[in-house]
Amino acid sequence: LAIAIQLTPLAAPLLLSTDAWAYWAYGRIAAVAGGNPYHEAPQDFPRDAAFPHVGADWRDSGSVYGPAFTLASEPLALAAGESEDAAAWLYKTLGALAVLVSAALAALLVARPAFAVAFVGWNPLLAVHFGGGGHNDAWMAALVLGALVLAARGRRQLAGVAWALAVLVKWI
């Protein structure tokens, strides 16, 4: 049931915001144009395929996301090519999968795993926000839950790596 709920928004167009297209634009700045998405903004590349789809609030600003996310956005930008639909679908899919991973990790942390899976995996708000909107917060949350699982199992160094990666995905 969690899989069905979280994957259902993949059939819809991009929901709630255009952030996934901003991620695509920042990835294209680095991977296609050879620029630095922290110092250059989408408006610096007005002929790029991503530019018309970037939300007005993000057109004139560089990336505010962590370097791990920015690096991951480069191959995603290349995979999406010049297709806004492919870009949205990639980020939406990764968001939905991150919620499912989070549900599984939450189950490893509690005495009642079925309740944890239902609480996270059956949540329609998470489905719409991450599977529908492709927001990168889902990546960060999965890494934080991974850090908690690793710490609970005595793997402190790996837990620290997971915490650091979570910050390097989204540090704002």
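The values are calculated or read from the model by the stated rules, or taken from the named source; none is laboratory data. This one's a predicted model, so the numbers in the text were calculated from it and none came from an experiment. Cβ sites come from the backbone with ideal geometry, for glycine too, and all protein chains shown count toward neighbours. Accessible surface areas use protein heavy atoms only, side chains included; no ligands, DNA or RNA. Shrake-Rupley method; radii C 1.70, N 1.55, O 1.52, S 1.80 Å.
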Original post:
Conditions: (1) part of a helix (DSSP H, G or I); (2) open to solvent by less than 40 Å² (accessible area, probe 1.4 Å). Q43 meets all but one. Number of the miss?
Top reply: (2)
Original post:
What are the pairs, 6+ residues apart or on separate chains, where a residue within the stretch 143-172 that is touching a residue at least 12 places away in the same chain (Cβ under 8 Å) has its Cβ under 6 Å from a residue that is outside any helix (DSSP H, G or I)?
Top reply: L168/G66; V169/G66; K170/Y65; K170/G66; K170/N136; W171/G66; I172/V64
**OP:** Name the single residue, out of those in the stretch 75-96 being surrounded by fewer than 17 Cβ atoms within 10 Å (Cβ to Cβ) and assigned to a helix (DSSP H, G or I), that is nearest to the chain's Cα centre (by Cα).
**Re:** T93
Original post:
What single numbered condition from (1) touching a helix residue (DSSP H, G or I) at 6+ places or on another chain (Cβ under 8 Å); (2) surrounded by fewer than 20 Cβ atoms within 10 Å (Cβ to Cβ); (3) in a loop (DSSP other than H, G, I, E, B) fails to hold for A151?
Top reply: (3)
**OP:** All but one of (1) closer than 16 Å to F69 by Cβ; (2) open to solvent by 60 Å² or more (accessible area, probe 1.4 Å); (3) not hydrophobic (A, V, I, L, M, F, W, C) hold for G146, so report the exception by its number.
**Re:** (2)
**OP:** Would you check which residues across the stretch 98-125 are under 13 Å from the mean Cα position of the chain (by Cα), open to solvent by 50 Å² or more (accessible area, probe 1.4 Å) and in contact (Cβ under 8 Å) with a residue 60 or more places away in the chain and list them?
**Re:** none
